[in-house]
Amino acid sequence: MALLEQEKYDYIHNVLIKKFQLTQSSNCSALFDLDANLLVVSDETRRQFGLDNILTVLNKSFKLDNLTDENIAILTGFSDPVNIEAIRIACKKMIKLQQIVINQRIPVNFISLIPRGNIFSSRLVSYIPVFHDSGELVALQTYSSHCNLFGIAEYLTILEGKNLEPVTIKAYDLPIKLTQRQHEILFLLVRGLSQRQAADVLNISRGNLAKITVESICPKFEIFDGDTSELIDRAIKLSYHKYIPQSLCRPCIIVLDNEIVDNYFTIATDN
């Protein structure tokens with residue numbers, strides 16, 4: 001038997017929110033209702049994202065689908081049309097992920113990539129369904145933490161206390177000249193993304209990405225059998241892992257659950 005609206009309201013406000021405030025203050029976390037309205041955020045979330053500013057602007061109401069250009073500028077620091085549009089696309093993707101959690105009653109994980117100038121800030125984000133004791137879904141909780149997007153090797157390097165060269169933007173004066181799209185693909189592959197994830201970032205089909213890699217990029221590195229592992233090794237020796245194409249310096253969302261990508265976000269193979 002479904003919960004009455006008052007029962008659901010009482011549980012959210014008298015149990016979930018109170019428990020959240022007691023246990024989540026040091027985590028970067030937030031709680032949303034099933035209409036994607038923000039219910040409560042942790043102190044750490046407010047600190048890291050400056051949410052007090054955005055909540056003041058929005059009169060204490062926050063939803064991904066009601067952000068104005070001014071709101072986006074306050075929340076992210078971006079005010080140019082290109083980045084604002086990219087942020088709107090990222091918000092639409094996050095809204096879709098919220099709906100998947102609500103409709104399928106499953107958690108989802110993704111990387112939120114927000115560049116600021118020449119420095120990238122990437123976060124691992126989880127959307128978790130929250131259930132009443134009766135088993136009915138009543139809310140959605142988010143967790144996020146900083147992560148190193150471009151490869152586990154970076155994480156291990158940090159653990160070992162080594163100095164890691166940051167990813168920087170560089171003009172196309174690297175040893176082998178590539179088109180912008182070829183540079184984008186190669187950079188993502190050498191930094192540890194799978195072809196599926198790289199295609200998701202670039203908003204192209206996996207088949208098209210594989211075709212460009214094998215037919216256009218590999219021959220430029222004198223690889224004629226489509227060996228992408230060898231391509232990555234040669235590209236790293238030539239420092240292609242250090243320099244990010246300027247075109248990738250934009251907000252994007254990378255979904256980590258392959259089944260969700262296949263079912264909800266896969267682009268049809270290009271003709």
Q. Could you say which residue among GLU70, GLU44 is out of contact with any Phe, Trp or Tyr (no Cβ under 6 Å at 6 or more places or on another chain), more than 24 Å from THR23 (Cα to Cα) and modelled with pLDDT of 80 or more?
A. GLU70
(Q) What's the total number of residues in the stretch 74-87 that are in a helix (DSSP H, G or I) and either on the phi > 0 side of the Ramachandran plot or surrounded by fewer than 16 Cβ atoms within 10 Å (Cβ to Cβ) (or both)? (A) 3
Q) Does LEU137 satisfy the criteria of being of a type in the set (A, V, I, L, M), under 18 Å from THR76 (Cβ atoms) and either under 15 Å from the mean Cα position of the chain (by Cα) or at pLDDT 85 or above (or both)? A) no
**Q.** Residues within the stretch 211-221 that are touching a residue at least 12 places away in the same chain (Cβ under 8 Å) and within 18 Å of PRO175 (Cα to Cα), tallied
**A.** 6
Q.
If I go through the stretch 1-24 residue by residue, how many of them are hydroxyl-bearing (Ser, Thr, Tyr), surrounded by 13 or more Cβ atoms within 10 Å (Cβ to Cβ) and either under 20 Å from ASN103 (Cα atoms) or without any contact (Cβ under 8 Å) to a residue 24 or more places away in the chain (or both)?
A. 1
Q. In the stretch 140-190, which residues are part of a loop (DSSP other than H, G, I, E, B), at pLDDT 90 or above and of a type in the set (A, V, I, L, M)?
A. ILE176, LEU178
(Q) Filter the stretch 101-113 down to the residues that are crowded, with 19+ Cβ neighbours inside 10 Å and in contact with a helix residue (DSSP H, G or I) (Cβ under 9 Å, 6 or more places away or on another chain) and list them by number. (A) VAL108, PHE110, ILE111, SER112, LEU113
**Q.** Unique residue being within 19 Å of the chain's Cα centre (by Cα) and modelled with pLDDT under 85 when the list is LEU97, LEU75
**A.** LEU75
Q) So how many residues does the stretch 200-210 have that are out of contact with any Ser or Thr (no Cβ under 8 Å at 6 or more places or on another chain) and touching a residue at least 24 places away in the same chain (Cβ under 8 Å)? A) 5
Q | Residue list for the stretch 199-234, restricted to those being outside any loop (DSSP other than H, G, I, E, B), among the aliphatic types (A, V, I, L, M) and within 25 Å of the chain's Cα centre (by Cα) | A | ALA199, VAL201, LEU202, LEU209, ALA210, ILE212, ILE232
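The values are calculated or read from the model by the stated rules, or taken from the named source; none is laboratory data. A quick note: this is a predicted structure, and the numbers were derived from the prediction, not measured. In this analysis, Cβ positions are derived from the backbone assuming ideal geometry, glycine residues included, and neighbour counts consider all displayed protein chains.
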